[in-house]
């Protein structure tokens, strides 16, 4: 099938083949930031423009689990407050906020569509050869989904478009199927994409970045840490930072949101880092997150290990957004968030970046 498809000149072959992969993310971040520096105070805005997304079931910017944020539930009102606050801070109308966030995912989808065009062309050519063996037998086209096709036809009929070509309905069903499949990729983007975006922000701080800012670096490749014993799997660090001529080392656990399984992993990770420390010097262990659940944030602040706080800093992408979402509805652990923020146990990303 060679020659059916040409990769656009502004895209690398790897970015097209793996539009959500590391090479593609690096290209997208370079395109998004260009030659700009990122002031610490603006870092959260950059991250929200890159990674915050609209929940398709509510039409609102996502800050909490979708099933708990539906109309009639407490988090629906909080999500509306969050959505309106973010729109105001970014200077856009709330109804248009979706057009100004989720940039990285949207651009990755465009790259995915390039790959899909390639694959459809290959499949169509292969299908034409094989279908020719069946003469005039009318068989469904590749990608045909009868249920989706009927749904589209109902809407088309409702607006008087009864003569819509069959190939247009087929293209629509393929587009919807591709979008649904691509949504599954968002988890990868929020995982490694969050790490990469944080690293890129740090490299662009005014006055220069820390000496080392590496995402997903093997622990023993960072200064002062040894290789694991034979037979033990090497540890990767979400984000490894070295500052002050190598005197300060910061190991970052970057999690857009925090779930129960991740909470358990924090302690396991720290124990491994402590065992592999070989220089005898202290290192910082930091959580950077956009979690909105008050109980999870409070737990991260209070967790201890070896008679010390597990995290030297709990960093939230934007604590002001937390306060805006909860308003006067905070109860239980969430009611303690203002005090945790005021005491700097929860740091804003802006304040933490300034410490680097």
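Which ones in the range 200-227 are closer than 29 Å to residue 56 by Cβ and at pLDDT below 95? I'd like the intermediate steps shown before the answer.
From the range 200-227, those closer than 29 Å to residue 56 by Cβ are 200-201, 215; that's our starting set.
Correct list: 215 only.
Can you tell me which of 29, 97 is surrounded by 18 or more Cβ atoms within 10 Å (Cβ to Cβ) and farther than 15 Å from residue 321 by Cβ?
Numbers: 97 fails: farther than 15 Å from residue 321 by Cβ.
Selected residue: 29, the only one of 29, 97 that is surrounded by 18 or more Cβ atoms within 10 Å (Cβ to Cβ) and farther than 15 Å from residue 321 by Cβ.
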*Quick check, is residue 258 within 25 Å of residue 318 (Cα to Cα), touching a residue at least 40 places away in the same chain (Cβ under 8 Å) and part of a strand (DSSP E or B)?*
no
_Is it the case, given these coordinates, that residue 83 is on the phi < 0 side of the Ramachandran plot and either out of contact with any helix residue (DSSP H, G or I) (no Cβ under 9 Å at 6 or more places or on another chain) or free of Cβ contacts under 8 Å to residues at least 40 places away in the same chain (or both)?_
yes
*Any residue at all in the range 161-169 that is in contact with a helix residue (DSSP H, G or I) (Cβ under 6 Å, 6 or more places away or on another chain) and at pLDDT 85 or above?*
no
*For residue 322, state whether it is in contact with a strand residue (DSSP E or B) (Cβ under 7 Å, 6 or more places away or on another chain), without any contact (Cβ under 8 Å) to a residue 40 or more places away in the chain, within 30 Å of residue 78 (Cβ to Cβ) and surrounded by 20 or more Cβ atoms within 10 Å (Cβ to Cβ).*
yes
*What are the residues in the range 67-77 that are under 22 Å from residue 255 (Cβ atoms) and either crowded, with 16+ Cβ neighbours inside 10 Å or touching a helix residue (DSSP H, G or I) at 6+ places or on another chain (Cβ under 9 Å) (or both), if any?*
68, 69, 75
*Kindly indicate whether residue 14 is at pLDDT 90 or above and either surrounded by fewer than 18 Cβ atoms within 10 Å (Cβ to Cβ) or under 18 Å from residue 292 (Cα atoms) (or both).*
no
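Out of all the residues in the range 218-245, which are assigned to a helix (DSSP H, G or I), out of contact with any strand residue (DSSP E or B) (no Cβ under 6 Å at 6 or more places or on another chain) and surrounded by 14 or more Cβ atoms within 10 Å (Cβ to Cβ)?
Going through the range 218-245, the residues assigned to a helix (DSSP H, G or I) turn out to be 219-221, 244-245.
Now drop any that are not out of contact with any strand residue (DSSP E or B) (no Cβ under 6 Å at 6 or more places or on another chain), which leaves 220-221, 244-245.
Residues satisfying the conditions are 220, 221.
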*Have a look at 64, 48 and point out the one that is assigned to a helix (DSSP H, G or I) and buried (at least 19 other Cβ atoms within 10 Å of the Cβ).*
48
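The values are calculated or read from the model by the stated rules, or taken from the named source; none is laboratory data. Just so you know, these numbers come straight off a predicted model, no measurement behind them. Virtual Cβ from ideal backbone geometry, glycine too; neighbours counted across all protein chains shown.
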